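Take this structure first; my questions come after.
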Amino acid sequence: MEYWQIIKEAYSGYAGYLWREITQPHWHNYFYWLIGISVFFLFVEWISPWRKNQNRFRKDFWLDFFYMFFNFFIFSLIVFNAASDVVVHFFNNLLGSLGIDNLLAFEVMSWPMWAHLVLGFFVRDFVQWWTHRLLHRVPFLWEFHKVHHSVKEMGFAAHLRFHWMETVVYRTIEYLPLALIGIGLRDFFIIHIFTLAVGHFNHSNFQLNLGPLKYIFNNPQMHIWHHAKVLPENRAYGVNFGLTLSIWDYLFKTNYIPKSGRDIALGFPGDEEFPENFVGQLSHGITPQTSEDSSNHHH
């Protein structure tokens, strides 16, 4: 019954939170930050597009617009918030039974705010970089990640087209490292907004010369190659895996920008067969695939 209670409280708690987010705008309001950052990049793309011949509302813009709210809010309301509360509770009970009542390996909350923000950001981005590589390497995870790679015309909202299982995979893997360094929710909010903005920027139809900063931060001219339909033989599992930082790609030699990728074909081999509607993409990777489907990789 204990878990049933947690599930019930998670639903009512999250529904209440979501309602407050929508009806009471404030500085810590994720809902309006998401909309505000999105509108900003929409105008940036309209005013100064990198690909001039791309429509203002590019192919699948409205699908991606829906994904924005589904992945960030609706999915949490339907499943994720309750499930993660149960898992965290179960995990804490398990640790408790082993005599561990605190996961903190480092007491970072006593550091100045900027220091644990920077540490939390770097740790999370590094963990996410490896997780992203896993999504490309492990065949059943690649089936989920195909949803994100089904984008045929790049724009900021493509950032938010991803399979709901990715939320589960990323959050599960990053939970432990962040718990170990005790990153609080307030810090997480600031990190999240920053990474959201950079993620929008990476996918946007916009060109910005970052100079030497391109070796630190991901950008549209680098990330477009991550979405290239055709990759060289020796890079069959993908390139440029950085989410917010590009530094990991340069360190681990997964960087690849052979020329301007402005007009390259996007997608993956065999994506002509891939579902184009939300419902088809939602169930992709969950329903059994034919062996031919699942063997399609970048090569």
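When you go through (1) modelled with pLDDT of 95 or more; (2) over 25 Å from Phe41 (Cβ atoms); (3) not charged (D, E, K, R) one by one for Leu243, which number turns out not to apply?
The failed condition is (2).
Please state which of the following conditions Asp101 fails to meet, knowing it meets all the rest: (1) of a type in the set (D, E, K, R); (2) farther than 30 Å from Trp19 by Cα; (3) modelled with pLDDT of 60 or more.
That leaves (3) as the condition not met.
List, please: which pairs have Cβ atoms under 6 Å, are six or more places apart or on different chains, and start with a residue in region 205-220 that is farther than 22 Å from Gln54 by Cβ and end with one that is part of a helix (DSSP H, G or I)?
Matching pairs, first to second residue: Tyr215/Tyr250; Ile216/Ile247.
To continue, here is another question. Please determine, by comparing only the residues of region 224-252 that are free of Cβ contacts under 8 Å to residues at least 40 places away in the same chain and touching a helix residue (DSSP H, G or I) at 6+ places or on another chain (Cβ under 7 Å), which one is surrounded by the fewest Cβ atoms within 10 Å (Cβ to Cβ).
Looking at the filtered set, the residue picked out is Tyr250.
Exactly one condition in (1) surrounded by fewer than 17 Cβ atoms within 10 Å (Cβ to Cβ); (2) without any contact (Cβ under 8 Å) to a residue 40 or more places away in the chain is not met by Arg137; state its number.
Only one criterion in (1) surrounded by fewer than 17 Cβ atoms within 10 Å (Cβ to Cβ); (2) without any contact (Cβ under 8 Å) to a residue 40 or more places away in the chain is unmet by Arg137, namely (2).
The values are calculated or read from the model by the stated rules, or taken from the named source; none is laboratory data. Keep in mind that this is a model prediction, so the values were computed, not measured. Quick reminder, even Gly has a Cβ in these numbers, built from the backbone with ideal geometry, and neighbours come from all protein chains shown.
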